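*Asks:* Just passing along the structure, written as C-alpha coordinates.
The values are calculated or read from the model by the stated rules, or taken from the named source; none is laboratory data. Since the model is a prediction, treat every value here as computed from it, not as a measurement. Cβ: placed from backbone, ideal geometry, glycine included. Neighbour counts: every protein chain shown. These accessible areas exclude ligands, DNA and RNA; they are computed on the full protein's heavy atoms, side chains included. Shrake-Rupley method; radii C 1.70, N 1.55, O 1.52, S 1.80 Å.
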Amino acid sequence: MPSSKPLMTPSSGPIPDSVESALRTLETESGGINALAAALRGPLGATFAKAVDLIRNAKGRVIVTGLGKSGHMARKIAATLASTGTPAFFVHTAEAAHGDLGMITTDDVIMALSWSGEQPEMKTLVNYSARFAIPMIAVTSNAASSLGQAADIVIELPKAREACPHNLAPTTSTLMQAAIGDAIAIALLEGRGFTALEFAHFHPGGKLGAMLKFVRDYMRTGAEIPVKPEGTKMSDAVMEMSAKGLGCVCIVDDAGGIAGIITDGDLRRHMRPDLLTASVDDIMTRQPKTVPPSMLATEMIEVLNTSKITTLVVTEADKVVGIVHLHDLLRAGVA
(Lines give C-alpha, C1' and ligand atoms only; values in the text may rest on other atoms or scores of the structure.)
Protein backbone atom coordinates (compact mmCIF):
# COMPACT_ATOMS: atom_id res chain seq x y z
CA MET A 1 0.00 0.00 0.00
CA PRO A 2 1.21 3.59 -0.63
CA SER A 3 3.09 5.15 2.28
CA SER A 4 1.29 7.87 4.25
CA LYS A 5 4.43 10.00 4.15
CA PRO A 6 5.91 10.67 0.70
CA LEU A 7 9.54 9.77 0.22
CA MET A 8 11.92 12.71 0.03
CA THR A 9 15.09 13.34 -1.89
CA PRO A 10 17.71 15.89 -0.77
CA SER A 11 17.64 17.82 -4.04
CA SER A 12 14.20 17.51 -5.56
CA GLY A 13 11.74 17.22 -2.70
CA PRO A 14 9.00 14.56 -2.62
CA ILE A 15 9.39 11.60 -4.96
CA PRO A 16 6.54 11.40 -7.52
CA ASP A 17 3.88 8.75 -6.92
CA SER A 18 4.95 6.91 -10.05
CA VAL A 19 8.49 6.58 -8.74
CA GLU A 20 7.24 5.40 -5.35
CA SER A 21 5.21 2.77 -7.22
CA ALA A 22 8.28 1.73 -9.21
CA LEU A 23 10.33 1.37 -6.03
CA ARG A 24 7.64 -0.79 -4.43
CA THR A 25 7.56 -2.96 -7.55
CA LEU A 26 11.31 -3.45 -7.55
CA GLU A 27 11.36 -4.16 -3.83
CA THR A 28 8.61 -6.78 -4.18
CA GLU A 29 10.24 -8.43 -7.17
CA SER A 30 13.66 -8.47 -5.53
CA GLY A 31 12.01 -10.29 -2.63
CA GLY A 32 11.00 -13.02 -5.07
CA ILE A 33 14.55 -13.33 -6.43
CA ASN A 34 15.94 -13.48 -2.89
CA ALA A 35 13.46 -16.22 -2.02
CA LEU A 36 14.53 -18.16 -5.12
CA ALA A 37 18.21 -17.83 -4.19
CA ALA A 38 17.45 -19.04 -0.67
CA ALA A 39 15.55 -22.04 -2.06
CA LEU A 40 18.50 -22.95 -4.30
CA ARG A 41 20.77 -22.96 -1.24
CA GLY A 42 18.37 -25.49 0.27
CA PRO A 43 16.59 -28.57 -1.11
CA LEU A 44 15.84 -26.96 -4.48
CA GLY A 45 19.57 -26.94 -5.23
CA ALA A 46 19.77 -30.71 -5.67
CA THR A 47 16.72 -30.69 -7.96
CA PHE A 48 18.19 -27.85 -10.00
CA ALA A 49 21.44 -29.81 -10.44
CA LYS A 50 19.49 -32.87 -11.66
CA ALA A 51 17.67 -30.73 -14.22
CA VAL A 52 20.94 -29.27 -15.52
CA ASP A 53 22.47 -32.76 -15.78
CA LEU A 54 19.41 -34.06 -17.62
CA ILE A 55 19.66 -31.29 -20.22
CA ARG A 56 23.43 -31.60 -20.54
CA ASN A 57 23.22 -35.34 -21.24
CA ALA A 58 20.31 -35.13 -23.67
CA LYS A 59 21.05 -36.09 -27.26
CA GLY A 60 18.42 -33.73 -28.61
CA ARG A 61 17.19 -30.26 -27.80
CA VAL A 62 15.36 -28.50 -25.00
CA ILE A 63 11.72 -27.88 -25.88
CA VAL A 64 10.57 -24.96 -23.75
CA THR A 65 6.82 -24.51 -23.52
CA GLY A 66 4.28 -22.37 -21.75
CA LEU A 67 1.06 -20.40 -22.14
CA GLY A 68 0.22 -16.76 -21.47
CA LYS A 69 2.89 -14.86 -19.56
CA SER A 70 4.65 -18.15 -18.84
CA GLY A 71 4.74 -18.69 -22.60
CA HIS A 72 6.50 -15.37 -23.11
CA MET A 73 9.07 -16.36 -20.50
CA ALA A 74 9.44 -19.79 -22.11
CA ARG A 75 10.19 -18.17 -25.47
CA LYS A 76 12.85 -15.99 -23.83
CA ILE A 77 14.43 -18.96 -22.02
CA ALA A 78 14.59 -20.95 -25.27
CA ALA A 79 16.35 -18.03 -26.97
CA THR A 80 18.85 -17.69 -24.12
CA LEU A 81 19.62 -21.41 -24.13
CA ALA A 82 20.12 -21.47 -27.90
CA SER A 83 22.39 -18.42 -27.88
CA THR A 84 24.62 -19.91 -25.19
CA GLY A 85 25.23 -23.26 -26.83
CA THR A 86 22.29 -25.40 -25.71
CA PRO A 87 20.07 -26.27 -28.73
CA ALA A 88 16.54 -25.21 -27.81
CA PHE A 89 13.35 -23.80 -29.23
CA PHE A 90 9.91 -22.73 -28.06
CA VAL A 91 6.71 -24.70 -28.64
CA HIS A 92 3.44 -22.97 -27.79
CA THR A 93 1.48 -25.17 -25.40
CA ALA A 94 -1.85 -24.73 -27.19
CA GLU A 95 -0.37 -25.13 -30.69
CA ALA A 96 1.23 -28.43 -29.68
CA ALA A 97 -2.13 -30.17 -30.04
CA HIS A 98 -2.48 -28.89 -33.60
CA GLY A 99 0.59 -30.40 -35.19
CA ASP A 100 3.52 -28.87 -33.31
CA LEU A 101 4.03 -32.08 -31.36
CA GLY A 102 5.82 -33.25 -34.50
CA MET A 103 8.67 -30.88 -33.59
CA ILE A 104 9.47 -32.92 -30.49
CA THR A 105 11.59 -36.08 -30.70
CA THR A 106 12.35 -38.81 -28.20
CA ASP A 107 15.89 -37.44 -27.82
CA ASP A 108 14.60 -34.09 -26.52
CA VAL A 109 13.87 -32.75 -23.05
CA ILE A 110 10.69 -30.77 -22.39
CA MET A 111 10.82 -27.83 -19.99
CA ALA A 112 7.24 -26.80 -19.16
CA LEU A 113 6.50 -23.49 -17.42
CA SER A 114 3.24 -23.00 -15.54
CA TRP A 115 2.98 -21.03 -12.32
CA SER A 116 -0.13 -22.91 -11.15
CA GLY A 117 0.69 -26.19 -12.87
CA GLU A 118 -2.98 -26.64 -13.69
CA GLN A 119 -3.36 -25.30 -17.23
CA PRO A 120 -5.64 -27.73 -19.11
CA GLU A 121 -3.84 -26.96 -22.38
CA MET A 122 -0.72 -28.59 -20.93
CA LYS A 123 -2.41 -32.02 -20.87
CA THR A 124 -1.57 -32.76 -24.51
CA LEU A 125 2.15 -32.23 -23.94
CA VAL A 126 2.06 -34.19 -20.68
CA ASN A 127 0.43 -37.17 -22.41
CA TYR A 128 2.86 -36.98 -25.32
CA SER A 129 5.80 -36.89 -22.92
CA ALA A 130 4.52 -39.97 -21.09
CA ARG A 131 3.64 -41.89 -24.26
CA PHE A 132 7.09 -41.55 -25.84
CA ALA A 133 9.13 -41.44 -22.61
CA ILE A 134 10.35 -37.90 -23.27
CA PRO A 135 11.70 -36.50 -19.98
CA MET A 136 9.89 -33.43 -18.69
CA ILE A 137 11.08 -30.72 -16.32
CA ALA A 138 8.27 -28.73 -14.72
CA VAL A 139 8.91 -25.16 -13.59
CA THR A 140 6.00 -24.33 -11.32
CA SER A 141 5.13 -22.98 -7.90
CA ASN A 142 3.06 -26.08 -7.05
CA ALA A 143 4.84 -29.45 -7.10
CA ALA A 144 1.54 -31.15 -6.16
CA SER A 145 -0.17 -29.82 -9.29
CA SER A 146 -1.11 -31.98 -12.26
CA LEU A 147 1.97 -30.80 -14.12
CA GLY A 148 4.22 -31.32 -11.14
CA GLN A 149 3.00 -34.88 -10.57
CA ALA A 150 3.46 -35.78 -14.24
CA ALA A 151 6.99 -34.35 -14.57
CA ASP A 152 10.23 -36.27 -14.08
CA ILE A 153 11.83 -33.30 -12.32
CA VAL A 154 10.01 -30.44 -10.62
CA ILE A 155 11.72 -27.10 -10.08
CA GLU A 156 9.31 -25.71 -7.51
CA LEU A 157 9.62 -21.94 -7.37
CA PRO A 158 8.89 -20.37 -3.98
CA LYS A 159 5.54 -18.64 -3.73
CA ALA A 160 6.03 -14.88 -3.66
CA ARG A 161 3.73 -11.90 -3.80
CA GLU A 162 3.20 -10.31 -7.19
CA ALA A 163 4.18 -6.66 -7.54
CA CYS A 164 0.61 -5.95 -8.65
CA PRO A 165 -1.24 -4.37 -5.65
CA HIS A 166 -4.02 -6.92 -6.18
CA ASN A 167 -1.50 -9.78 -6.23
CA LEU A 168 -2.88 -10.82 -9.63
CA ALA A 169 -0.84 -9.58 -12.62
CA PRO A 170 2.12 -11.91 -13.22
CA THR A 171 5.17 -9.81 -12.35
CA THR A 172 7.29 -11.30 -9.59
CA SER A 173 6.40 -14.79 -10.79
CA THR A 174 7.48 -14.19 -14.40
CA LEU A 175 10.70 -12.56 -13.21
CA MET A 176 11.46 -15.68 -11.16
CA GLN A 177 10.75 -17.88 -14.20
CA ALA A 178 13.15 -15.81 -16.31
CA ALA A 179 15.75 -15.91 -13.55
CA ILE A 180 15.66 -19.70 -13.17
CA GLY A 181 15.92 -20.00 -16.97
CA ASP A 182 18.99 -17.77 -16.96
CA ALA A 183 20.46 -19.80 -14.11
CA ILE A 184 20.01 -23.04 -16.06
CA ALA A 185 21.51 -21.54 -19.23
CA ILE A 186 24.58 -20.16 -17.46
CA ALA A 187 25.12 -23.37 -15.47
CA LEU A 188 25.12 -25.30 -18.77
CA LEU A 189 27.40 -22.72 -20.40
CA GLU A 190 29.93 -22.88 -17.59
CA GLY A 191 29.69 -26.65 -17.32
CA ARG A 192 30.71 -27.19 -20.93
CA GLY A 193 33.35 -24.43 -20.92
CA PHE A 194 31.50 -22.40 -23.56
CA THR A 195 33.95 -19.75 -24.77
CA ALA A 196 33.59 -16.23 -26.13
CA LEU A 197 34.71 -17.54 -29.53
CA GLU A 198 31.86 -20.06 -29.56
CA PHE A 199 29.50 -17.31 -28.43
CA ALA A 200 30.60 -15.29 -31.47
CA HIS A 201 29.34 -18.03 -33.81
CA PHE A 202 25.78 -17.37 -32.64
CA HIS A 203 26.05 -13.55 -32.48
CA PRO A 204 27.61 -12.32 -35.74
CA GLY A 205 25.40 -9.22 -36.01
CA GLY A 206 25.12 -5.87 -34.23
CA LYS A 207 27.50 -4.37 -31.70
CA LEU A 208 27.84 -7.69 -29.87
CA GLY A 209 28.94 -9.36 -33.08
CA ALA A 210 31.39 -6.53 -33.76
CA MET A 211 32.96 -6.91 -30.32
CA LEU A 212 33.39 -10.65 -30.87
CA LYS A 213 35.53 -10.13 -33.94
CA PHE A 214 39.31 -9.96 -33.83
CA VAL A 215 41.96 -7.26 -33.94
CA ARG A 216 42.86 -8.40 -37.48
CA ASP A 217 39.33 -7.48 -38.60
CA TYR A 218 39.85 -3.81 -37.66
CA MET A 219 43.56 -3.11 -38.05
CA ARG A 220 45.06 -1.06 -40.85
CA THR A 221 47.75 -2.89 -42.79
CA GLY A 222 50.39 -2.42 -45.47
CA ALA A 223 50.82 1.12 -46.82
CA GLU A 224 48.22 2.41 -44.34
CA ILE A 225 50.59 1.85 -41.40
CA PRO A 226 52.58 4.99 -40.48
CA VAL A 227 56.09 3.63 -40.04
CA LYS A 228 59.68 4.89 -40.12
CA PRO A 229 63.01 3.26 -39.26
CA GLU A 230 65.21 4.16 -36.32
CA GLY A 231 67.51 7.09 -36.99
CA THR A 232 64.92 8.99 -39.06
CA LYS A 233 64.77 12.76 -38.61
CA MET A 234 61.70 14.03 -36.84
CA SER A 235 60.78 16.16 -39.86
CA ASP A 236 60.30 12.98 -41.92
CA ALA A 237 58.42 11.30 -39.08
CA VAL A 238 56.01 14.23 -38.76
CA MET A 239 55.41 14.12 -42.52
CA GLU A 240 54.54 10.40 -42.19
CA MET A 241 52.20 11.10 -39.29
CA SER A 242 50.41 13.80 -41.29
CA ALA A 243 50.16 11.65 -44.43
CA LYS A 244 48.62 8.64 -42.66
CA GLY A 245 46.33 10.71 -40.42
CA LEU A 246 46.47 8.50 -37.33
CA GLY A 247 48.29 10.88 -35.05
CA CYS A 248 51.25 8.55 -34.62
CA VAL A 249 54.14 6.83 -36.35
CA CYS A 250 55.66 3.45 -35.54
CA ILE A 251 59.44 3.28 -35.29
CA VAL A 252 60.98 -0.04 -36.33
CA ASP A 253 64.47 -1.50 -36.09
CA ASP A 254 66.49 -2.97 -38.98
CA ALA A 255 64.68 -6.30 -38.65
CA GLY A 256 61.23 -4.67 -38.80
CA GLY A 257 60.60 -5.16 -35.10
CA ILE A 258 58.78 -2.51 -33.12
CA ALA A 259 61.25 -0.16 -31.41
CA GLY A 260 58.89 2.59 -30.33
CA ILE A 261 56.08 4.94 -31.25
CA ILE A 262 55.73 8.69 -31.59
CA THR A 263 52.32 10.22 -30.97
CA ASP A 264 50.86 13.72 -31.00
CA GLY A 265 51.35 13.69 -27.25
CA ASP A 266 55.08 13.01 -27.66
CA LEU A 267 55.36 16.03 -29.98
CA ARG A 268 53.75 18.28 -27.39
CA ARG A 269 55.93 16.93 -24.59
CA HIS A 270 59.15 17.43 -26.58
CA MET A 271 58.27 20.73 -28.22
CA ARG A 272 61.52 22.71 -28.71
CA PRO A 273 63.22 24.75 -31.46
CA ASP A 274 65.29 21.85 -32.79
CA LEU A 275 62.51 19.23 -32.63
CA LEU A 276 62.31 18.70 -36.38
CA THR A 277 66.04 18.12 -36.72
CA ALA A 278 66.19 15.66 -33.79
CA SER A 279 66.25 11.89 -34.29
CA VAL A 280 63.14 9.81 -33.69
CA ASP A 281 65.28 7.73 -31.31
CA ASP A 282 65.35 10.68 -28.88
CA ILE A 283 61.61 11.38 -29.03
CA MET A 284 59.86 8.01 -29.35
CA THR A 285 58.16 6.16 -26.53
CA ARG A 286 59.92 2.83 -26.26
CA GLN A 287 58.11 -0.46 -25.63
CA PRO A 288 54.67 0.80 -26.73
CA LYS A 289 51.50 -1.17 -26.03
CA THR A 290 51.05 -3.88 -28.64
CA VAL A 291 48.42 -6.53 -29.29
CA PRO A 292 48.36 -9.66 -31.48
CA PRO A 293 46.01 -9.83 -34.50
CA SER A 294 44.26 -12.82 -32.89
CA MET A 295 43.06 -10.86 -29.84
CA LEU A 296 39.30 -10.37 -29.45
CA ALA A 297 38.00 -6.85 -30.03
CA THR A 298 36.53 -6.82 -26.51
CA GLU A 299 39.97 -7.43 -25.03
CA MET A 300 41.49 -4.77 -27.28
CA ILE A 301 38.97 -2.20 -26.00
CA GLU A 302 39.95 -3.08 -22.44
CA VAL A 303 43.64 -2.47 -23.25
CA LEU A 304 42.82 0.92 -24.78
CA ASN A 305 40.68 1.96 -21.82
CA THR A 306 43.09 0.70 -19.17
CA SER A 307 46.10 2.34 -20.81
CA LYS A 308 44.15 5.53 -21.69
CA ILE A 309 45.47 5.55 -25.25
CA THR A 310 43.82 5.81 -28.66
CA THR A 311 46.19 3.74 -30.81
CA LEU A 312 47.51 0.20 -30.60
CA VAL A 313 50.33 -1.32 -32.62
CA VAL A 314 49.57 -4.83 -33.86
CA THR A 315 52.56 -7.15 -33.88
CA GLU A 316 53.27 -10.76 -34.76
CA ALA A 317 56.65 -12.27 -33.80
CA ASP A 318 57.60 -8.72 -32.77
CA LYS A 319 57.06 -7.47 -36.34
CA VAL A 320 54.61 -4.63 -37.01
CA VAL A 321 51.71 -6.05 -39.04
CA GLY A 322 49.01 -3.46 -38.38
CA ILE A 323 47.73 -0.56 -36.37
CA VAL A 324 44.33 0.07 -34.78
CA HIS A 325 42.94 3.50 -33.93
CA LEU A 326 40.02 4.20 -31.61
CA HIS A 327 38.24 6.11 -34.38
CA ASP A 328 38.17 2.98 -36.52
CA LEU A 329 36.52 1.10 -33.66
CA LEU A 330 33.97 3.87 -33.15
CA ARG A 331 33.02 3.81 -36.82
CA ALA A 332 32.62 0.02 -36.65
CA GLY A 333 30.39 0.32 -33.59
CA VAL A 334 32.78 -1.58 -31.35
CA ALA A 335 33.75 1.19 -28.93
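*Asks:* Under 13 Å between alpha carbons, and skipping anything fewer than 8 positions from Lys213 in its own chain: which aspartates and glutamates qualify?
*Replies:* Glu198, Glu299
*Asks:* Of Lys69, Lys213, Lys59, which has the most accessible area and how do the rest follow, probe 1.4 Å? Can you show the working numbers first?
*Replies:* Values: Lys69 110, Lys213 90, Lys59 180 Å².
I get Lys59, Lys69, Lys213, largest accessible area first.
*Asks:* Just read off the accessible area of Asp274 with the full protein assembly in place, 1.4 Å probe, to the nearest 10 Å².
*Replies:* Asp274 exposes around 70 Å² with every protein chain in place.
*Asks:* Could you work out the local net charge near Lys244, counting Lys and Arg as +1, Asp and Glu as -1, over the other residues with Cβ closer than 14 Å to its Cβ?
*Replies:* Working: positive: Arg220, Lys228; negative: Glu224, Asp236, Glu240, Asp264, Asp328.
Spelling it out: positives minus negatives among the neighbours equals -3.
*Asks:* Sort all Cα-Cα distances of region 218-335 into consecutive 10 angstrom bins from zero, then give the percent of pairs in each bin up to the one containing the longest distance.
*Replies:* P(r) for region 218-335, in whole percents per bin: 14, 48, 31, 7, 0.
*Asks:* Taking only Cα atoms of the chain, what ratio of Rg to Rh do you get with Rh as the Kirkwood inverse-distance radius? Spell out each step's value before the answer.
*Replies:* On the way: Rg = 29.3 Å, Rh = 24.6 Å.
With Rh from the inverse mean 1/r over Cα pairs, Rg/Rh is 1.19.
*Asks:* Given 0.36 nm per residue, what is the gain on full extension from Met103 to Arg41 after removing their alpha carbon distance, in nm? Could the numbers behind the result be given before it?
*Replies:* Numbers: separation 62, 0.36 × 62 = 22.32 nm, distance 3.54 nm.
Contour length minus the Cα-Cα distance gives 18.8 nm.
*Asks:* Kirkwood Rh over alpha-carbon pairs of region 60-156, then Stokes-Einstein at 4 °C and 1.567 mPa s: what D in µm² s⁻¹, rounded to an integer?
*Replies:* Values: Rh = 12.8 Å.
Rounded, D is 101 µm²/s.
*Asks:* Continuing with this model, one more query. Suppose every Lys and Arg Cβ carries +1 and every Asp and Glu Cβ carries -1, with no other charges. What dipole size does region 283-324 come out with about its Cα centre, to the nearest 20 debye? Can you show the working numbers first?
*Replies:* Working: 4 positive and 4 negative charges, 40 e Å.
With only Lys, Arg, Asp and Glu charged at Cβ, the dipole is about 200 debye.
*Asks:* Using the Cβ atoms and a cut-off under 15 Å, what net charge is assigned to the surroundings of His98, where Lys and Arg are +1 and Asp and Glu are -1? It would help to have the intermediate numbers written out before the result.
*Replies:* On the way: positive: Lys123; negative: Glu95, Asp100, Glu121.
The answer is -2.
*Asks:* What is the list of residues in region 18-45 whose amide nitrogen lies under 18 Å from a point 7 angstrom out from the Cα of Lys69, following Cα to Cβ?
*Replies:* Within reach of a label on Lys69, which here means backbone N under 18 Å from a point 7 Å along Cα→Cβ, region 18-45 contributes 21-36.
*Asks:* R0 = 30 Å: FRET efficiency of Asp281 with Asp328, Cβ-based, nearest 0.05? Please report the intermediate quantities before stating the final value.
*Replies:* Working: r = 28 Å, r/R0 = 0.94.
That gives a FRET efficiency of 0.60.
*Asks:* Just grab the label-to-label distance for Ser30 and Leu168, each label 7 Å out from Cα along the Cβ direction, in nm (one decimal).
*Replies:* For the pair Ser30/Leu168, the computed spacing is 2.8 nm.
*Asks:* In whole percent, and with a 1.4 Å probe on the protein chains, what portion of the accessible area of the chain is carbon and sulfur? Write out the running numbers ahead of the final one.
*Replies:* Values: 9680 of 17280 Å².
That share works out to 56 percent.
*Asks:* Tell me, what is the 1.4 Å probe accessible area of Ile15, in Å² to the nearest 10?
*Replies:* Surface accessible to solvent at Ile15 totals approximately 30 Å².
*Asks:* Stretched out fully, how many nm does the piece from Asp217 to Ala133 gain, at 0.36 nm a residue minus the Cα gap? Spell out each step's value before the answer.
*Replies:* Numbers: separation 84, 0.36 × 84 = 30.24 nm, distance 4.82 nm.
Extra length available between Asp217 and Ala133 comes to 25.4 nm.
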